[in-house]
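Heads up: the structure comes next, in structure tokens.
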Amino acid sequence: MSKKIKVIIPIPMDQAGVDARAAQLTDGFLPADYQVVFESVKAGAALGDSYHDTLLMDVSVTEAGLRAEEEGFDAICIDTVSDSALNALRSCLTIPVIAPGASSFYLACNLGKRFGIVTMWDEWFPLYEKTLTEYHLWDRLAGMRSINTRPDLEELLAGKEEVVFGKLLETSRKLIEEDGADVIILGSTTMHQSHGFLRERLPVPVLNPGQVSFKTCQMLLELGLTHSKHAYPAPEVPRHDLFHALVGA
């Protein structure tokens, strides 16, 4: 049965930036009759490097997803390991809402005893601290390490492979050898271009969070499952108009 999935990019960007993010969904990765639409938020954060930006991402991603169900989408994937707006959208919608942080963390727990997160810069650590606390997974974390390289959320890693890939490999090895990680998670969907390089060179599973979220989404759709409205109750007085007004939609 044909399915239509909306992937919400949490940073406003042009079509070239959207296309770079969409490249993480390779040909044949999902069934041929699945229609996947990548869409960036209309306005909001720039880098996700602060509590200021995480609040903006929560608001703008919520706004971008509110109409998805009435637009005919069967599911939403949020394209950020911060899992921005996951709970709010689950509260407002009945279709599955999937986020790569939760999807990857829980898969990592199924593949090993402790996982490590390798990321671009220290400024993203609070994103993982928030979700690790919410998901009660601190005891499964071996460590978080960054390569201290400012990310480009539109061009991603293109043109920087020779420098960035080597740093990510070295840092991932430290997570394994010094911190005890037996699964590595890329700290951002924007790092997807490094996945193949790391997977071939590391002795443990390497999780590409965007792809994990797409496969999680496929599994839920094919099993006919969605989030529990007991856990994510709908608001008695919804104010969707406020989100649209804040984002300028």
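The values are calculated or read from the model by the stated rules, or taken from the named source; none is laboratory data. Keep in mind that this is a model prediction, so the values were computed, not measured. So basically every Cβ, Gly included, is an ideal-geometry build from the backbone, and we count neighbours across all protein chains shown. Accessible surface is based on the protein model in full, side chains and every heavy atom, while ligands, DNA and RNA are left aside. Shrake-Rupley method; radii C 1.70, N 1.55, O 1.52, S 1.80 Å.
Only DSSP H runs of four or more residues enter the estimate; each adds -39500 (n - 2.57), and after division by the residues of the chain the mean residue ellipticity at 222 nm equals -12000 deg cm²/dmol. If you sort the three axes of the alpha carbon gyration tensor as a ≥ b ≥ c, you get a/c of 1.5 or more for the stretch 44-146 and a/b no higher than b/c, which makes it oblate. Normalising the average separation of contacting C-alpha pairs (under 8 angstrom, six or more residues apart) by the number of residues puts the relative contact order of the chain at 24 percent.
In the context of the full set of protein chains, the stretch 1-94 has a per residue accessible area of 40 Å² (1.4 Å probe). With a cut-off of 13 Å between beta carbons, the residues surrounding D14 carry a summed charge of -2, where Lys and Arg count +1 and Asp and Glu -1.
Taking Lys and Arg as +1 and Asp and Glu as -1, the other residues whose beta-carbon sits under 10 Å from that of T190 total -3. Overall, the accessible surface of the stretch 143-249 at a probe of 1.4 angstrom is composed of carbon and sulfur to the extent of 52 percent. A straight line joining the Cα centroids of the stretch 89-167 and the stretch 1-37 runs 19 Å. Sorting 164-177, 226-239 by average packing, meaning the other beta carbons within 10 Å per residue, from highest down gives 164-177, 226-239.
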